Amino acid sequence: MSVTPEKIVETGKAKLETNLKTIGTAGSSVFAAAEQLVALNVAATRAAIDDSAELIRKLLAAKDPKALAAVQLGAIAPALEKAVTYFGSVAGIAAQTQSDLVKLAEAEALVLVHNANATLEGALKSAPFGADAAVKALKSAVASVTSVYQTATEVAKQVTEATQAGVKSATDVAVETVSKNTQAAVSALKVAA
């Protein structure tokens, strides 16, 4: 197997095209996430303006300090729930983008392993007698590294999923607790009135 300048140029062009495609795919994924975040922020801003206007109307309609306090306390839980929903949406967008980029990186890693194995096969064909053991050892090392990478990637995915589930659970409990406490405070104010 001889390497000619033409083969080097051909390989370089193919690799450049592959890299450009990968960069384009990654860029598209990131821009899609940015578009989603902009749309989410526009919707959240509109909702915040509407909620603020409604709260101001309720505050102006309050007849006494207890009613004013009740309106303020009553606004806490819905605002907290909306904030949790917003940040959950941001986390969902980030998780999807991360997943897309990880898939892209995994695909690139597979191509790299395939190319390494092909190179080793080519080396084996043109290697001198007795060198096949060294090439086989290199192939075994590539297979081991690939296995370790795949295991580490899977563990990282599991840790991410477990962390997200734990955060969601803790957030749900916190929102529920705040909602109950503010409802109790509003009820206490109404009873005292």
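The values are calculated or read from the model by the stated rules, or taken from the named source; none is laboratory data. Every value quoted in this text rests on a predicted model; they were computed, and no experiment measured them. Counting neighbours? That spans all protein chains shown, and the Cβs are built from the backbone with ideal geometry, glycine included. These area figures cover heavy atoms from the full protein model, side chains too; ligands, DNA and RNA do not enter into them. Shrake-Rupley method; radii C 1.70, N 1.55, O 1.52, S 1.80 Å.
What the table below lists for this structure:
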item	result
Condition check for G27: free of Cβ contacts under 8 Å to residues at least 40 places away in the same chain, open to solvent by less than 90 Å² (accessible area, probe 1.4 Å), of a type outside the set (K, R) and within 30 Å of G92 (Cα to Cα)	yes
Number of positions in segment 58-96 that are within 24 Å of R46 (Cβ to Cβ) and open to solvent by less than 80 Å² (accessible area, probe 1.4 Å)	20
Residues located in segment 64-86, provided they are under 29 Å from T160 (Cα atoms) and without any contact (Cβ under 8 Å) to a residue 40 or more places away in the chain	P78, A79, K82, A83, T85
Pick from segment 108-148, criterion open to solvent by 60 Å² or more (accessible area, probe 1.4 Å) and outside any helix (DSSP H, G or I), ranking: farthest from E17 (Cα to Cα)	F129
Where a residue in segment 43-63 is farther than 15 Å from Y86 by Cα and its partner, wherever it lies, is open to solvent by less than 50 Å² (accessible area, probe 1.4 Å) and assigned to a helix (DSSP H, G or I), with Cβ under 7 Å and at least six apart	L55/A75; K58/V71; L59/V71; A62/V71
Which listed residue is modelled with pLDDT under 80, in contact with a Leu (Cβ under 8 Å, 6 or more places away or on another chain) and assigned to a helix (DSSP H, G or I), from V186, V90, V191, V175	V186
